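Read through the structure below, which is laid out as structure tokens, and then see the notes.
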Amino acid sequence: MDRTGGTGAGGGTSGEVFAVRNRVTWWAVRQLVAVLILFLASAGFVAGAVMRGTGVGSLAFLLLGLAGAALFGTGLLLSAGGMLARRPVLVLDADGVRRPARWPLPRAAGRVLPWAEVTAITALRRSAARGRGAEQDYVVFLPTAELAEMARTAERPRLVALTMRDVPATVEAAAWCFAVEPGWDARLPQIVRQARRRRPVPLIDRRAR
């Protein structure tokens with residue numbers, strides 16, 4: 001982990017926009033295809049119910065198909081739209097740390113944490129839901145000195161609260177917590193370097209076991 005805030009491979013200055021995006025991966029494409037298949041299957045249920053005419057069985061197939069078409073159609077729209085829109089998941093610019101709104105919400109719905117309110121950055125690691133033994137890295141922009149002190153001194157089991165929105169004591173930190181996904185086109189050290197070019201705050205690295 002770079003702790004100096006020096007120039008990285010990406011180059012650039014504090015005035016430039018640094019945007020992190022999710023790459024289009026084979027896993028994402030497979031997920032999209034799976035949702036498409038489920039949507040088509042639901043549409044098949046509806047068509048079959050219409051062809052069979054009236055009856056309790058036909059009504060059950062129709063309702064099941066309509067529910068599936070609505071559910072998987074929405075999922076298909078969101079997945080495909082988000083993939084095509086290619087909106088960033090994290091932006092660092094001269095104004096601050098930005099959390100862009102997800103498609104299809106308007107871009108204006110995004111949030112920004114001004115650099116003047118960033119007191120420290122912490123890097124965390126916790127168990128991931130995607131597989132047994134898997135771990136997930138997080139970068140958290142801490143907006144208060146109290147949260148920075150907690151990130152620096154709290155026992156590791158307590159640090160998970162910084163990533164959870166339903167814990168009142170750390171909700172301000174959780175709002176600016178980003179899970180560094182495997183599909184991101186920038187890794188955690190690069191994100192930290194870029195952030196500290198814009199505001200040279202302390203880095204609290206708590207990823208060690």
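Residues that are within 23 Å of the chain's Cα centre (by Cα) and exposed (fewer than 14 other Cβ atoms within 10 Å of the Cβ) within segment 145-157 comprise 156, 157, listed in sequence order. Whenever a residue of segment 185-209 is open to solvent by 40 Å² or more (accessible area, probe 1.4 Å), its partners that are in a helix (DSSP H, G or I) and among the aromatic types (Phe, Trp, Tyr), lying with C-beta atoms within less than 9 angstrom and at least six residues away or across chains, give the pairs 199/115. Every condition in (1) modelled with pLDDT of 90 or more; (2) of a type in the set (Val, Ile, Thr); (3) open to solvent by less than 60 Å² (accessible area, probe 1.4 Å) holds for residue 17 except the one numbered (3).
For the subset of segment 104-148 comprising residues that are in a loop (DSSP other than H, G, I, E, B) and among the hydrophobic types (A, V, I, L, M, F, W, C), which member is modelled with the highest pLDDT? If we take residues in segment 104-148 being in a loop (DSSP other than H, G, I, E, B) and among the hydrophobic types (A, V, I, L, M, F, W, C), then 118 is modelled with the highest pLDDT.
Let's see how each residue does on (1) in contact (Cβ under 8 Å) with a residue 60 or more places away in the chain; (2) crowded, with 17+ Cβ neighbours inside 10 Å; (3) of a type in the set (A, V, I, L, M):
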residue: 43; (1), (2), (3): no, no, yes
residue: 57; (1), (2), (3): no, no, no
residue: 75; (1), (2), (3): no, yes, no
residue: 87; (1), (2), (3): yes, yes, no
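Checked against (1) at pLDDT 85 or above; (2) in contact with a strand residue (DSSP E or B) (Cβ under 9 Å, 6 or more places away or on another chain); (3) not charged (D, E, K, R), residue 28 passes all but a single condition, namely (1). For beta carbons closer than 7 Å, sequence separation of 6+ or different chains, a first residue in segment 170-184 that is closer than 10 Å to residue 141 by Cβ and a second that is among the hydroxyl-bearing types (Ser, Thr, Tyr) and at pLDDT below 95, the qualifying pairs are 177/163.
The number of residues in segment 101-119 that are farther than 13 Å from residue 177 by Cα and open to solvent by less than 60 Å² (accessible area, probe 1.4 Å) comes to 6. Tell me yes or no: at least one residue of segment 89-101 is modelled with pLDDT of 85 or more, among the acidic types (Asp, Glu) and part of a loop (DSSP other than H, G, I, E, B). Yes: one or more hits. Scanning segment 183-206 for residues that are in a loop (DSSP other than H, G, I, E, B) and either more than 19 Å from the chain's Cα centre (by Cα) or more than 23 Å from residue 156 (Cα to Cα) (or both) gives 183, 185, 186, 199, 200, 201, 202, 206.
When the residues of segment 41-79 are filtered to those that are among the hydroxyl-bearing types (Ser, Thr, Tyr) and under 30 Å from residue 104 (Cβ atoms), the one that is modelled with the highest pLDDT is 42.
The set of residues in segment 20-41 being part of a helix (DSSP H, G or I), β-branched (Val, Ile, Thr) and surrounded by 15 or more Cβ atoms within 10 Å (Cβ to Cβ) consists of 35 alone. Does residue 161 qualify as being in a helix (DSSP H, G or I), more than 26 Å from residue 24 (Cα to Cα) and not β-branched (Val, Ile, Thr)? Yes.
The values are calculated or read from the model by the stated rules, or taken from the named source; none is laboratory data. Keep in mind that what you see is a predicted model, and the values were worked out from it rather than measured. Cβ: placed from backbone, ideal geometry, glycine included. Neighbour counts: every protein chain shown. These area figures cover heavy atoms from the full protein model, side chains too; ligands, DNA and RNA do not enter into them. Shrake-Rupley method; radii C 1.70, N 1.55, O 1.52, S 1.80 Å.
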